[in-house]
Amino acid sequence: MSWSDLVKVLSGVLLAIALMVGGCFLAAQYVIAQFTAPPPKPMFPNDNPSKATAQPVPSAKPVAAQPSPKPSPSASPTPSATPSTTGYRARITLSQGLNLRESPSRDAARIGGVVANARITVLEESPDRQWQRIRLEDSGREGWVKAGYAERVNP
């Protein structure tokens with residue numbers, strides 16, 4: 001074996017080692033990138049896609065106020081779109097029941113509970129319409145429950 005053959009063999013071995021090390025490095029970088037990337041945000045059926053997109057920033061130019069059209073004298077007044085929701089009989093529709101609280105807040109003290117299908121009287125709603133003050137028909141206790149779980153019943 002001559003010196004030129006020995007140089008060829010050694011250069012071939014070094015080239016093979018360099019290719020193996022480089023390939024392993026690139027494969028490790030790819031795997032690390034896959035494990036450190038955050039997953040995509042899940043979308044649920046009740047998500048509002050308009051809130052997920054960025055809202056455009058309004059321009060700073062002032063807009064001239066346009067006069068509103070005057071109602072015609074023959075127009076009759078229409079009833080309010082939001083009927084009064086206070087002082088009616090209802091029943092609880094949530095199968096687990098509800099917590100009865102002393103004020104309209106999740107942080108308020110729990111003063112009891114309301115079972116499913118319990119008959120109640122809705123006395124008032126909080127200004128943000130998230131809570132309802134109720135009176136239990138069987139015991140007469142009053143307190144606040146989360147709104148949306150009472151169904152109006154006919155007297």
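The values are calculated or read from the model by the stated rules, or taken from the named source; none is laboratory data. Predicted model, so just to flag it, every value in this text is computed and none were measured. For neighbour counting, all protein chains shown are included, and Cβ atoms are generated from backbone atoms with ideal geometry for every residue, glycine included.
Name the residues in the range 109-130 that are outside any loop (DSSP other than H, G, I, E, B), over 18 Å from Ser95 (Cα atoms) and in contact (Cβ under 8 Å) with a residue 12 or more places away in the chain, would you? Step through it out loud before you land on a result.
Keep residues of the range 109-130 that are outside any loop (DSSP other than H, G, I, E, B), which gives 110-114, 119-125.
After this cut, where a residue has to be over 18 Å from Ser95 (Cα atoms) as well, the list is 110-111, 121-125.
Listed by number, the residues that qualify are Ile111, Thr121, Val122, Leu123, Glu124, Glu125.
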* Quick one: which residue in Lys8, Lys51 is at pLDDT below 80, outside any loop (DSSP other than H, G, I, E, B) and over 30 Å from Asn154 (Cα atoms)? => Lys51
* Structure fact -> Within the range 115-155, the count of residues that are touching a Pro at 6+ places or on another chain (Cβ under 6 Å) and among the aromatic types (Phe, Trp, Tyr) comes to 2
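How about the range 92-108: which of its residues are surrounded by 13 or more Cβ atoms within 10 Å (Cβ to Cβ) and either free of Cβ contacts under 8 Å to residues at least 24 places away in the same chain or touching a Ser or Thr at 6+ places or on another chain (Cβ under 7 Å) (or both)? Write out each step before concluding.
Applying the first criterion (surrounded by 13 or more Cβ atoms within 10 Å (Cβ to Cβ)) to the range 92-108 yields 92, 94, 97-104, 108.
Passing the criteria: Gly97, Pro104.
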